[in-house]
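The values are calculated or read from the model by the stated rules, or taken from the named source; none is laboratory data. Only a predicted model underlies this, so the values are computations on that prediction, with no experimental measurement involved. Ideal geometry is used to build each Cβ from the backbone, glycine not excepted, and the neighbour counts take in all protein chains shown.
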Amino acid sequence: MTRIASLQRGTAVACLGVAVVLLAGFVVAAPDLDDPAGPLAAIARSGTPGTISAYAFLVGQLPWVVGMLGLAHVLRQRFRVLSPMISTLALVGGFGHSVAGGFALVQLSMADDLSNASVHEAVIERLYSSAGPIFAVTMLGVVLSQLLLGVAVIRGGLGPRWVGGALIVWLLVEFVGTGVSTTAAVISAPLMAVVFGLLAYRLAGTDIRLWMTAAEADALADDEQPGADQGAEPARSVAQG
């Protein structure tokens, strides 16, 4: 009983940690696609770091979604509305980012053939235009899931309240600041690592009963404190968050 719950908790913690490393690496190693010579030329010049960045972004999406589902899971009893909203929006964001990650791998291949860069860039432009609605929904899913998670943490759902505020600051830096200044990318990666690293740490320390069904939590409480009257109270306190 506790073994399965521990496995679920450990998986969520590990995935969140892996996602932090991969996505921070993506930000740090990403080439400057606003290069005057064109995005394909920038990717070609970036060499190995550019390749690592593209793959880190794509591979990081699955563990990011699993980690977000884990965070939403432990918040479900305290925030019955916010929790499913965070889960759903995170799934939408992860799916859309996977599409973008596929496009990034296509660009890597195109960057090996700069003699036809103008043709490739025209194809990329058409691809991004056709996928415009997907990327718009993706942005909405990612931003809103993180915003709602920040609100939940601020309201006392998981960890110190300042972590929720730092999460919202990271959102502004990543999705607003990076469009204004390249310096924002340098700030974004360590800030993300700190915020989600702390959330992973707090997730690892959550009560094991939060990862069980109500019946399993009640049975564990009965084992720890013999007697129906004594065992019922811990189960109710967990349910209340």
Is it the case that Ala136 is among the aliphatic types (A, V, I, L, M), outside any loop (DSSP other than H, G, I, E, B) and touching a residue at least 24 places away in the same chain (Cβ under 8 Å)?
no
Go through segment 37-60 and count every residue that is of a type outside the set (Val, Ile, Thr) and touching a Leu at 6+ places or on another chain (Cβ under 8 Å).
12
For segment 26-51, name all the residues that are surrounded by fewer than 19 Cβ atoms within 10 Å (Cβ to Cβ), in contact (Cβ under 8 Å) with a residue 60 or more places away in the chain and part of a helix (DSSP H, G or I).
Val28, Ala41
Checking the condition buried (at least 22 other Cβ atoms within 10 Å of the Cβ), farther than 30 Å from Ala217 by Cα and in the same structural domain as Leu158 (by TED's automatic domain parsing), which residue from Ala117, Ala54 passes?
Ala54
For the condition in a helix (DSSP H, G or I) and either in contact (Cβ under 8 Å) with a residue 40 or more places away in the chain or of a type in the set (Asp, Glu) (or both), what is the one hit in Gly165, Gly159, Gly102?
Gly102
